[in-house]
Structure formats: structure tokens, C-alpha cells
Amino acid sequence: MPTSYYERAARKQGYRVIAGLDEAGRGSLFGPVLAAAVVLDPDRPVRGLDDSKALEPERRELLAGRIRERAAAWAVGGADAFEIDRINIYQASLLAMRRALDALRAQCDYLLLDAVTLEVSVAQKSLIHGDALCFSIAAASILAKVHRDAALRAWDEVFPEYNLKSNKGYATPDHLAALSRLGPTTLHRFSFEPVRAVSRYPVWTGYPEPAPEQRELFACP
């Protein structure tokens with residue numbers, strides 16, 4: 001179970017605005033990866049925080065509401081399927097976290113992250129299985145998951161054949177069967193092999209390197 005140990009340790013070192021960050025949707029075949037940044041208020045604790053994957057959906061929704069109400073600051077950021085395909089899912093996850101951090105209405109001086117490091121000029125600590133160890137990361141994992149689930153329910157209304165409201169875009173048997181039968185939508189991640197394998201069209205892999213005499217055509221002003 002997560003605790004406040006890492007937040008308290010950071011405060012003993014003199015840090016005051018401590019944000020936990022985590023992402024949701026990294027392994028999905030469809031749609032964006034979302035990340036959340038949360039600065040918990042030690043004077044307004046949220047009871048029952050845990051790794052979002054260990055919580056039932058109704059419990060996650062309840063806790064998400066409490067986090068949004070009681071946190072000193074929180075924000076959500078994302079990277080869409082096109083960015084994922086262009087820069088890879090790992091880099092897109094980091095991009096989503098940086099966007100969440102940029103959107104916070106607080107200037108953080110310390111970050112707690114789940115097994116990653118951000119290239120930002122803020123002191124930080126990366127924890128393996130951080131969402132199961134640290135309150136702030138657990139809170140971020142809950143917000144990211146709840147916001148992404150809501151996005152997938154909305155996309156299910158656009159693409160009902162894929163049952164996105166239930167499988168959330170992951171490689172479940174029903175989703176794979178729909179992909180095999182219908183092919184991918186424009187919001188599937190073509191850089192993921194199960195999507196690429198059932199595409200009826202050639203998958204774009206980037207512009208070729210231009211010949212030397214053509215470089216000026218591709219140059220930025």
C-alpha cells in the first residue's frame with residue numbers, strides 16, 4: 001500500500017511543492033496516453049489512495065473526485081495517437097507528463113515519478129512501482145486512469161464496433177476480433193504491431209531523407 005513516506009522525506013530536505021506524476025494507457029492499441037500531476041495537500045488528506053490498477057472503477061471515480069477537491073493542485077496532459085506513432089509510446093508518455101506538469105497551477109520544486117525521469121530542471125525521484133508505494137504517484141495514476149477511461153467512453157460513441165468503453169483500447173479478444181474484421185480506425189496506434197498487422201493500407205513510416213539538392217525544400221525558415 002502507498003504511504004506518505006516519500007513526500008515527508010522530501011519536506012525534511014526542504015522541498016515544499018511536491019508533485020506526483022503517472023500515466024495511463026501506455027499499453028493500449030487506441031487513442032491517447034494521458035498523464036496526471038498531483039500536488040497533495042498534507043492538511044487535507046485523501047484516504048484510500050492506491051495504485052489505480054488495484055481499484056474497482058467505482059472506487060477510482062470516487063477517489064478522483066476527492067483528489068480534485070482536496071489536492072493543492074492537479075492537472076492532466078496527453079499525447080495523441082499520431083504523436084505516439086511519430087515519437088514512440090515511451091517518449092509520448094514523457095511528453096504527456098511534461099504537459100501535465102506545465103498545466104499545474106503551482107511551481108513544483110520536487111517530483112515523484114513511477115519508474116521514469118523527466119528532462120526538466122526540477123529535483124525528482126523515480127520509484128519502481130511508485131503508484132503502489134507513494135501517495136502522490138497513486139493519486140496521479142487514479143486521475144490519469146479516470147480521465148482516460150472517460151475519453152474512451154466518448155470515443156466508443158464514435159466507434160461503437162470496437163467496444164472501447166469496456167476494453168479501453170487494450171488488446172482484449174473482442175478488440176482484436178473487431179480489428180481483424182474491420183481494420184483499424186484513424187485513431188489506432190499504427191506503431192503497435194497488432195494494429196499494423198491488420199491495416200489494409202501501407203503504414204506511413206516517415207519522410208525519406210531528401211537528396212542533397214532537395215534539402216532546401218525541407219528546410220525550416
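The values are calculated or read from the model by the stated rules, or taken from the named source; none is laboratory data. These numbers come from a predicted model, not from an experiment. Every residue, glycine as well, gets a Cβ built from its backbone with ideal geometry; the counts of neighbours run over all protein chains shown.
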Inset, instruction - Check whether at least one residue in the stretch 131-138 is hydroxyl-bearing (Ser, Thr, Tyr), more than 21 Å from Ala81 (Cβ to Cβ) and surrounded by fewer than 18 Cβ atoms within 10 Å (Cβ to Cβ), and report yes or no. - result: no
Inset, instruction - Give the residues of the stretch 167-193 that are among the basic types (Lys, Arg) and under 19 Å from Asp80 (Cβ atoms), sorted by residue number. - result: Lys168, Arg189
Inset, instruction - Those residues that are surrounded by fewer than 20 Cβ atoms within 10 Å (Cβ to Cβ) and touching a strand residue (DSSP E or B) at 6+ places or on another chain (Cβ under 6 Å), I need them from the stretch 33-67; list them, please. - result: none
Inset, instruction - Quick one: Gly48 ticks every box in (1) at pLDDT 95 or above; (2) over 18 Å from His147 (Cα atoms); (3) touching a Leu at 6+ places or on another chain (Cβ under 7 Å); (4) not in a helix (DSSP H, G or I) except a single one, so which number is it? - result: (1)
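Check whether at least one residue in the stretch 113-130 is outside the structural domain of Thr185 (by TED's automatic domain parsing), touching a strand residue (DSSP E or B) at 6+ places or on another chain (Cβ under 9 Å) and part of a helix (DSSP H, G or I), and report yes or no.
Yes: one or more hits.
Of the residues Leu40, Leu63, Leu55, which is among the aliphatic types (A, V, I, L, M) and under 25 Å from Tyr15 (Cα atoms)?
Within the list Leu40, Leu63, Leu55, the selection yields Leu40.
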Inset, instruction - Determine, yes or no, whether Asn163 is surrounded by fewer than 20 Cβ atoms within 10 Å (Cβ to Cβ) and modelled with pLDDT of 95 or more. - result: yes
Legend entry - Selection within the stretch 141-163 - hydrophobic (A, V, I, L, M, F, W, C) and more than 15 Å from Pro57 (Cα to Cα): Ala154, Trp155, Val158, Phe159
Inset, instruction - Look at Arg105 and say whether it is assigned to a helix (DSSP H, G or I) and either out of contact with any Cys (no Cβ under 6 Å at 6 or more places or on another chain) or not assigned by TED's automatic domain parsing to the domain that holds Ser28 (or both). - result: no
Inset, instruction - Would you check if there is a residue in the stretch 67-90 being over 30 Å from Ser166 (Cβ atoms) and not in a loop (DSSP other than H, G, I, E, B)? - result: yes
Inset, instruction - Hey, can you tell me all the residues within the stretch 86-133 that are within 16 Å of Ala36 (Cα to Cα) and hydroxyl-bearing (Ser, Thr, Tyr)? - result: Tyr90, Ser93, Tyr110, Thr117, Ser126
Legend entry - Neighbours by Cβ (under 7 Å, 6+ apart or cross-chain): first from the stretch 164-181, without any contact (Cβ under 8 Å) to a residue 40 or more places away in the chain and on the phi > 0 side of the Ramachandran plot; second among the basic types (Lys, Arg) and not in a helix (DSSP H, G or I): none
